[in-house]
Every structure is written in structure tokens, then in C-alpha cells.
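> Attaching a single structure in C-alpha cells format; questions to follow.
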Amino acid sequence: MSAKLKQLEDILRPVVEGLGFEYWGIEYRSQGHHSKLRVFIEDVENGISIEDCEKVSRQISGVMDVEDPIQSEYTLEVSSPGMDRPLFRLEHYEAFAGQQVQIRLRMAFEGRRKFNGLIKGVENDDVVVIVDDHEYLLPFDSIERAHIVPVFE
């Protein structure tokens with residue numbers, strides 16, 4: 001996790017949790033005037049409504065105005081992780097063992113950066129993924145982005 005993401009998480013996690021929601025994770029894309037801060041919130045028992053997102057967005061906006069960790073213009077989005085939820089922490093991979101996942105690495109591992117397969121679990125700081133009957137131990141720190149691939153039957 002970059003220093004900027006860590007700073008943002010340290011500011012935003014208490015806000016989200018203080019409102020009674022689970023802090024799922026954040027994405028921050030710095031692109032000049034088109035920068036985007038996306039905050040994912042979860043409520044396993046009740047789900048997430050538009051009103052929940054609005055409530056959290058208002059609180060986050062107030063805190064961000066005071067803390068000012070992003071000096072440039074940005075768009076704030078608050079949403080549920082959804083069915084194709086992004087995975088941010090090792091605990092997420094453990095919780096979704098047995099699910100299909102799409103992973104993109106920062107740098108190539110065994111000649112590839114993209115892995116589409118089944119999450120087997122976590123071993124130490126590695127995510128275990130099965131792709132085409134081959135088991136890969138992907139270092140968690142090398143994962144740039146990952147999300148669940150919903151399967152509809």
C-alpha cells in the first residue's frame with residue numbers, strides 16, 4: 001500500500017466505522033483534475049443503500065475538507081463493493097476462498113501479470129490461486145488490483 005493510500009485509510013476508516021459501516025477499502029486514482037477517490041463500505045446484515053452512501057459521503061467530505069490530504073481537485077464516490085467486489089486485504093482473499101478472481105500484478109510473475117482463477121486461500125503473505133489446474137502463490141504485496149468475478153448459474 002502506498003503512503004498516500006495509507007494516509008487516506010487512516011483518515012477514512014474511523015469515519016466509516018463511526019457511522020456503523022464496515023470499511024471495505026479505497027481506490028485513489030490521481031489524474032489531475034479528473035482524480036477520483038472511491039470509498040467502499042459494507043453492511044453485511046442490511047446491505048448498502050443510496051442513503052447510506054450519501055450519509056458516508058457527507059461525513060467524509062467534511063473530514064477531507066478539514067484534513068486536506070488531497071490538495072488537487074478530485075471526485076469522491078462512496079459505494080458498496082458489489083458482486084464484483086475489489087479485494088484489498090489478505091482477509092478478503094481468505095473470506096472469498098473458492099470464488100473466481102481476477103488479479104493484476106504490478107510486475108510480471110512467471111511471465112504474466114494477469115491471473116484469472118479460483119482463490120484457494122492464503123499462505124503466509126501469499127495469495128494461492130488455481131489457474132488452469134496450476135497453483136500459483138502470488139505475493140500479496142505484488143498485487144496491483146484484484147476483484148471477484150461473479151458466477152451466475
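The values are calculated or read from the model by the stated rules, or taken from the named source; none is laboratory data. What you see is a predicted model, and the numbers here were worked out from it, not measured in a lab. Quick reminder, even Gly has a Cβ in these numbers, built from the backbone with ideal geometry, and neighbours come from all protein chains shown. The accessibility values were calculated without ligands, DNA or RNA, using every heavy atom of the protein model including side chains. Shrake-Rupley method; radii C 1.70, N 1.55, O 1.52, S 1.80 Å.
> Could you list, in their original order, any pairs among Lys36/Lys120; Lys4/Lys120; Lys6/Lys114; Lys55/Lys114 whose Cα atoms are separated by more than 29 Å?
Lys36/Lys120; Lys4/Lys120; Lys55/Lys114
> Can you tell me, using C-alpha contacts under 8 Å and at least 6 residues apart, the relative contact order of region 1-78 as a whole percent?
Rounded, it is 33 percent for region 1-78.
> Let me ask something else about it. Residue separation times 0.36 nm, minus the C-alpha to C-alpha distance between Arg145 and Asp10: what's the value?
46.6 nm
> With contacts defined as alpha carbon pairs under 8 Å and 6 or more residues apart, what's the relative contact order of the chain in percent?
18
> Near Val39, within a Cβ-to-Cβ distance under 9 Å, what is the net charge of the other residues, with Lys and Arg +1 and Asp and Glu -1?
-1
> Would you mind computing, in nm to one decimal, how far apart the modelled labels at Ser30 and Gln99 are, each placed 7 Å from Cα along Cα→Cβ?
Those two pseudo-labels are separated by 3.0 nm.
> Under a 1.4 Å probe, what is the accessible area of the chain per residue, stated in Å²?
60
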